[in-house]
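Have a look at the structure below before the remarks.
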Amino acid sequence: MTSPAISTHALRKDYGRHIALHGLDLRVPRGSVYGLIGPNGAGKTTTLRMLLDIIRPTSGEITVLGENPRAGGAALRRRIGYVPGELRWGTRLRGEALLRHLAEISGPVRAGAIHELAERLDLDLTRPVRMLSKGNRQKLGLVQALMHEPDLLVLDEPTSGLDPLVQREFLALIREARERGQTVLLSSHVLSEIQQAADDVAVLAAGRVVAEGPVADLRLASVRRIHAMLAGSTADEVRSALQSTPGVESLEVADAPSGGLVRVSATSRGDIDPVLRVLTASTVRELTVEEPDLEESVLGLYEAEPQAPRRRGRP
Amino acid sequence: MSGAAGVRQAPLPILRRALTDGWRGLLGWTVGLAGVALLYLPLFPSMASPELTDVLDALPPALIETLGYRDIGTGPGYTQATFFGLIGFVLLTIASIGWGAALIGGAEESGRLELTLAHGVGRVSYAVQSAAALVLKLAWLGVAAWLIIRAIEGPAQLGLDAGNLWATVAAWVGAGLVSGAAALAAGGLTGSRAWSVGAGAGVAVAGYTLQAVANNSADLDVLRRFSPFDWAFGSAPLANGADVGGLGLLFGVSAVLIAVATLGLARRDVLG
């Protein structure tokens, strides 16, 4: 099967005058873990809900597991597991009874699957659902999404409220799902989670994809923080050399208090090689290059979002 | 895979859950209705006296007509005026509106509908099963009311005809169903619990008011045609037997409102 698990083309959603999505193009390969990240209001939840036909696009096309969500209907949704962004279960039912009800309306659930998942996530199924803490309600959401081993998992902020131990177990469950050939679409603003779990990622901002690709590539194309101590040059020489180097920002060059050294700190956006060439013209006594986390690169992408033609001027 | 399935995929999961989730409430309403019937109906022998007739004669005729107390001196008239036409009607209507509002509007506002519809349940199926739950719960209350009234009818000397009692119970359930179906329809169209309650209560109050006004003025008699309360009780079914036309209107309008709920839910975005 080479057709993608999910593809959208020019997907647009308007709520009255507010445009939640402006022509979204996504392609989630089968068997991959795909991350969707972006700030609140970027359109993540809107996108995920449209995959399940909970809300419907204003225009554009969606294909999920080879079918249009509206035409595929209930039969298609049995092949999907979904964790909504906000889980509110106002029911007196106990966890077990609720999951049995949900199992009746999802794909077939293997005997014992519910209890295995509950045990791994450390969830007590005997308690009334509305007495559960936020973390435990979230666990219940995960169990109901995973229990029928669906072809596609659509998870909206799945780890919110979970403690780190359970988050780790969740990541293991996701990896196992991928090994079984299930596809996972995961939205998050916990970026470490995307870094650990996802193969590919799309960054959403203001209803558009502002970047997409393998998680590793996204990191390469981004920001690094550089600190160096140089000998054998004056601060003025180093400063003027770095100022004319493309991609260097937040430059600070000063004489160190002792030893005739020059202290440099800067942010490099993009290719790092020209920066190193400038630095190695002097004698490098110390050098740290901090690998950026996804958060910084993503923030960089938000800033680069061409909503208005203003960009930060370079020095 | 079917042999290993841990959970049987039995039919009508939404209907069954609506019934099992709500059994406490249903039991409460049953007890409440039984209480009202037991409170009022056994008083009939002491009320059906010359003194009561004198009191009624002293009251302004408009009040008598508005409350529907014209035939309160007879067993069927008393049962109609105190139970089916007044407190029993109010209780049934409140229960029905509450259920109708919760099934779509309430479920949507609580976020439960989003999760349910993200599973293998279609919109039409959800709305139809919800409506079926509403009808079944009201039918339960109808059967319960019939049994309770039959049980106390002898000692209370009401002299009710069993067949006419069925006809009246059906009309009473139908009148409750119109309001509940209006609440369901508003939920299907808007997803709002408040709008659902408003629509259901609006239908009930308007229906009662229209017939009360019509009772007081021959010129305004035409208003009856728009009153579900009058469709149900206008021909005094407890005394005169089933009014097939009235029952047809009650259940026909309810069916239309359920269709509106279904189409409304099927065509719009579900928001939480």
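The values are calculated or read from the model by the stated rules, or taken from the named source; none is laboratory data. A quick note: this is a predicted structure, and the numbers were derived from the prediction, not measured. Cβ atoms come from the backbone with ideal geometry, glycine included; neighbour counts cover every protein chain shown. Accessible surface areas use protein heavy atoms only, side chains included; no ligands, DNA or RNA. Shrake-Rupley method; radii C 1.70, N 1.55, O 1.52, S 1.80 Å.
In segment B:174-224, what residues are basic (Lys, Arg) and either surrounded by 24 or more Cβ atoms within 10 Å (Cβ to Cβ) or at pLDDT below 95 (or both)?
B:Arg224
Could you check segment A:74-87 and list, in sequence order, the residues that are within 17 Å of A:Thr47 (Cα to Cα), within 7 Å of chain B (Cβ to nearest Cβ) and not aromatic (Phe, Trp, Tyr)?
A:Arg77, A:Pro84, A:Glu86
For B:Trp166, work out the one condition from (1) assigned to a helix (DSSP H, G or I); (2) crowded, with 19+ Cβ neighbours inside 10 Å; (3) in contact with a Phe, Trp or Tyr (Cβ under 7 Å, 6 or more places away or on another chain) it doesn't fulfil.
(2)
Has segment A:212-221 got any residue that is open to solvent by less than 50 Å² (accessible area, probe 1.4 Å), in a helix (DSSP H, G or I) and within 30 Å of A:Ser3 (Cα to Cα)?
Yes - at least one qualifying residue is present in segment A:212-221.
Please pick out the residue among A:Gly95, A:Gly90 that is more than 28 Å from the chain's Cα centre (by Cα) and facing another protein chain (nearest Cβ under 9 Å).
A:Gly90
Open to solvent by 40 Å² or more (accessible area, probe 1.4 Å) and under 27 Å from the mean Cα position of the chain (by Cα): is that true of A:Arg70 in this structure?
It is true that A:Arg70 is open to solvent by 40 Å² or more (accessible area, probe 1.4 Å) and under 27 Å from the mean Cα position of the chain (by Cα).
From the list A:Leu155, A:Leu191, A:Leu186, exactly one residue is open to solvent by less than 30 Å² (accessible area, probe 1.4 Å), of a type outside the set (S, T, N, Q), more than 30 Å from A:Glu67 (Cβ to Cβ) and in the same structural domain as A:Glu86 (by TED's automatic domain parsing). Which is it?
Answer to the check: A:Leu191.
Could you say whether any residue in segment B:64-74 is among the small types (Gly, Ala, Ser), buried (at least 19 other Cβ atoms within 10 Å of the Cβ) and at pLDDT 85 or above?
Among the residues of segment B:64-74, not one is among the small types (Gly, Ala, Ser), buried (at least 19 other Cβ atoms within 10 Å of the Cβ) and at pLDDT 85 or above, which makes the answer no.
So which strands (runs of 3 or more DSSP E) are wholly in segment A:10-67 and hold at least 1 residues that are touching a Pro at 6+ places or on another chain (Cβ under 9 Å) and in the same structural domain as A:Arg79 (by TED's automatic domain parsing)?
A:18-28, A:59-64
Please go through segment A:98-119 and pick out each residue that is of a type in the set (Asp, Glu) and within 7 Å of chain B (Cβ to nearest Cβ).
Matches in segment A:98-119: A:Glu104 only.
Please go through (1) aliphatic (A, V, I, L, M); (2) without any contact (Cβ under 8 Å) to a residue 60 or more places away in the chain; (3) open to solvent by 10 Å² or more (accessible area, probe 1.4 Å) for B:Ala102 and return the number of the only condition it doesn't satisfy.
(2)
Would you point out the residue of segment B:121-144, among those that are among the polar types (S, T, N, Q) and either touching a Pro at 6+ places or on another chain (Cβ under 9 Å) or open to solvent by 10 Å² or more (accessible area, probe 1.4 Å) (or both), that is nearest to B:Ala175 (Cα to Cα)?
Restricting to residues being among the polar types (S, T, N, Q) and either touching a Pro at 6+ places or on another chain (Cβ under 9 Å) or open to solvent by 10 Å² or more (accessible area, probe 1.4 Å) (or both), the top hit is B:Gln129.
Got a number for residues in segment B:1-37 being modelled with pLDDT of 90 or more and in a loop (DSSP other than H, G, I, E, B)?
Of the residues in segment B:1-37, 1 are modelled with pLDDT of 90 or more and in a loop (DSSP other than H, G, I, E, B).
In this structure, does B:Leu43 turn out to be farther than 27 Å from B:Ala206 by Cβ, of a type outside the set (S, T, N, Q) and open to solvent by 50 Å² or more (accessible area, probe 1.4 Å)?
yes
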